[in-house]
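Note sheet for the following structure.
The values are calculated or read from the model by the stated rules, or taken from the named source; none is laboratory data. Given the structure is predicted, the values throughout are model-derived calculations rather than measurements. Neighbour counts are summed over all protein chains in view; Cβ atoms, including those assigned to glycine, are modelled from backbone coordinates with ideal geometry.
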Amino acid sequence: MDKPNFGLTGLAVMGQNLARNVARNGFPIVVHNRTEEKTAAFVNEFGHEGPLFASTTIEDFVAKLAPPRAIMIMVKAGAPVDQVIDSLVPLLDKGDLLIDGGNSLFTDTERRVKSLAAQGIRFLGTGVSGGEEGALNGPSIMPGGPEAGYKIVEPIFTKIAAQVDGTPCCTYIGDGGSGHYVKMVHNGIEYADMQLIAEAYDLLKNAAGLTNAQIADVFTEWNSGDLDSFLIEITSKIFQTVDTDTGNSLVDYVLDKAGQKGTGKWTSQSSLDLGVPVTGITEAVFARFLSAIKDERVAASHILSGPGTAFKGNVDQLIADIRDALYASKIVAYAQGFVQMHAAAVEHGWKLHPGEIATIWRGGCIIRARFLNRIKDAYDENPEIVNLMLAPYFNEALTRTQAGWRRTLKTAIELGIPVPAFSSSLAYYDAYRREWLPANLIQAQRDFFGAHTYERTDKEGIFHSQWGPASE
């Protein structure tokens, strides 16, 4: 038979599952791993699923591929990616394609695209979302880099991606590091979404006083409406999971220290560089930082006091209010994420298509949700909309949920329950909807102590004043 032209190196779980997905869909694929034994064992175990072919050395791997070769790299982000690239490039021909399918920082991808292009090698920085299950059964795929490189693998990527209403959850994102940037923001939104759900859980447990079984029922009910999403679905299942050792809810035995791999932090850092207020994602990152200082929190819990009161209102109304706060804050998080992607596109000269991004996030990825159909519709109706909160559907939803949103925060404050993502989302909404903000005082202060100048509301120009009482 003819040589395959698609290969994958890096057979950790994500790499293995992507390779199996490719083979299952009938595309011949050569696989490689730094450890030859792992490659052989993988093909031996899963070779019956499709045309999987093992290789030994890196030279053997490349030799078994026909030009133009398309090689997907599935290793840890950072230096390991560069090391694999350096080992491959001397063996490649001009026109060959390398694909980084990990969570690389987009600036690294920009550098690699330019460096490899100078050597005649195409490079795609490709976000892959959906975790291990998505990699095997259909992820959301976000390829960025030279479009000619994408065309080489488009038939494979669109086939192995998740499919929603007959549409693959894969589209060409744009030039340079845009694919990894969009994946980074996806992960940032994921941070916000997860923090919002955690805050809802805290309120259901410690304000409404629900048991884990009742919380599971609430999330199951919410998943049947506008909040229908993968994260709400798995949250319901988490609260139904029993610890086999104790017979109690497993979630209660999970230590309250949340880990992270850095993509949420990158999103926040990039938003600061761009001057975009991505408050929900940033508060979610800070919340994980706070969770990590467990020993300090335990010590502080015996020193610092709080309100020490209990909720005395209507529990059913509180549950409905929490649901409204969750939905409204979710709107804000996505709105901020799409604003950030637009700002990055302007900054880096990318031609992003937000409606298409919403479309490919509807399936396969961690933030897949019914909600994304509304975002796609909003951009279909007005591709130039500057903030999703202004779209008719989301404007109406925010108006409808606003009272419950505010009551939820009032309850949380009265009970001393921290809700940083709920709070920052409402603060962003209130600031964005106001014609006037007190920043005039800040600018006056800056001019007072640093002669930074200011603009006036009543006439054009740049001004500086000597501030203080008029001398007599």
Task: Yes/no for P277 being assigned by TED's automatic domain parsing to the domain that holds L426, under 20 Å from F422 (Cα atoms) and touching a Leu at 6+ places or on another chain (Cβ under 7 Å) - done: no
TODO: Within the range 283-292, identify whether any single residue is aromatic (F, W, Y) and loosely packed, with under 14 Cβ neighbours inside 10 Å, and answer yes or no.
DONE: yes
- [ ] Find the residue count for the range 19-34, including only residues that are touching a residue at least 60 places away in the same chain (Cβ under 8 Å), buried (at least 19 other Cβ atoms within 10 Å of the Cβ) and more than 20 Å from D96 (Cα to Cα).
- [x] 2
Task: Hits in the range 346-368 - residues which are under 15 Å from the mean Cα position of the chain (by Cα) and more than 19 Å from G166 (Cβ to Cβ) - done: P354, I366, I367
- [ ] Name, by its number, the condition in (1) farther than 26 Å from K376 by Cα; (2) part of a helix (DSSP H, G or I); (3) of a type in the set (F, W, Y) that does not hold for F311.
- [x] (2)
Task: For R362: the one exception among (1) within 30 Å of P383 (Cβ to Cβ); (2) in contact with a Ser or Thr (Cβ under 6 Å, 6 or more places away or on another chain); (3) among the charged types (D, E, K, R); (4) at pLDDT below 95 - done: (2)
TODO: Identify, by number, the condition in (1) over 30 Å from L105 (Cα atoms); (2) touching a residue at least 40 places away in the same chain (Cβ under 8 Å) that A216 doesn't meet.
DONE: (2)
Open item on the list: It is to be established whether one or more residues within the range 149-164 are under 25 Å from V285 (Cβ atoms) and outside the structural domain of G280 (by TED's automatic domain parsing).
Closed with: no
- [ ] Pairs only if they're at least six apart or on different chains, beta carbon under 6 angstrom, first in the range 101-126 and more than 9 Å from H180 (Cα to Cα), second part of a loop (DSSP other than H, G, I, E, B) and among the aromatic types (F, W, Y); list them, first residue then second.
- [x] none
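What's the total number of residues in the range 179-227 that are of a type outside the set (A, V, I, L, M) and more than 14 Å from the chain's Cα centre (by Cα)?
Step one: list which residues in the range 179-227 are of a type outside the set (A, V, I, L, M), which gives 179-181, 183, 186-188, 190-191, 193, 195, 199, 201-202, 205-206, 209, 211-212, 214, 217, 219-226.
Checking which are more than 14 Å from the chain's Cα centre (by Cα) leaves us with 199, 201-202, 205-206, 209, 211-212, 214, 217, 219-226.
Within the range 179-227, residues that are of a type outside the set (A, V, I, L, M) and more than 14 Å from the chain's Cα centre (by Cα) number 18.
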Open item on the list: Against the definition (among the small types (G, A, S) and exposed (fewer than 11 other Cβ atoms within 10 Å of the Cβ)), how does G450 come out, yes or no?
Closed with: yes
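Which one of these is within 30 Å of R288 (Cα to Cα) and more than 26 Å from the chain's Cα centre (by Cα): L426, L441, L415? Break it down into steps so the answer makes sense when it comes.
Details: L426 fails: more than 26 Å from the chain's Cα centre (by Cα); L441 fails: within 30 Å of R288 (Cα to Cα).
After ruling out the rest, the residue left standing is L415.
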Task: Filter result for Q466 (under 39 Å from the mean Cα position of the chain (by Cα) and of a type outside the set (D, E)) - done: no
TODO: Counting only residues that are among the aliphatic types (A, V, I, L, M), touching a residue at least 60 places away in the same chain (Cβ under 8 Å) and on the phi < 0 side of the Ramachandran plot, give me the helices (runs of 4 or more DSSP H) lying completely in the range 373-472 with at least 2 of them.
DONE: 392-415, 420-432
Task: helices (runs of 4 or more DSSP H) within the range 152-259 that include 3 or more residues in contact with a Ser or Thr (Cβ under 8 Å, 6 or more places away or on another chain) and buried (at least 24 other Cβ atoms within 10 Å of the Cβ) - done: 178-206
- [ ] Please go through the range 260-294 and pick out each residue that is over 30 Å from D108 (Cα atoms) and either outside any helix (DSSP H, G or I) or in contact with a strand residue (DSSP E or B) (Cβ under 8 Å, 6 or more places away or on another chain) (or both).
- [x] I293
- [ ] Could you tell me whether the range 137-147 includes any residue that is at negative phi and in a helix (DSSP H, G or I)?
- [x] yes
TODO: State all residues of the range 87-133 that are buried (at least 23 other Cβ atoms within 10 Å of the Cβ) and polar (S, T, N, Q); if no residue qualifies, say none.
DONE: S104, T109, T126, S129
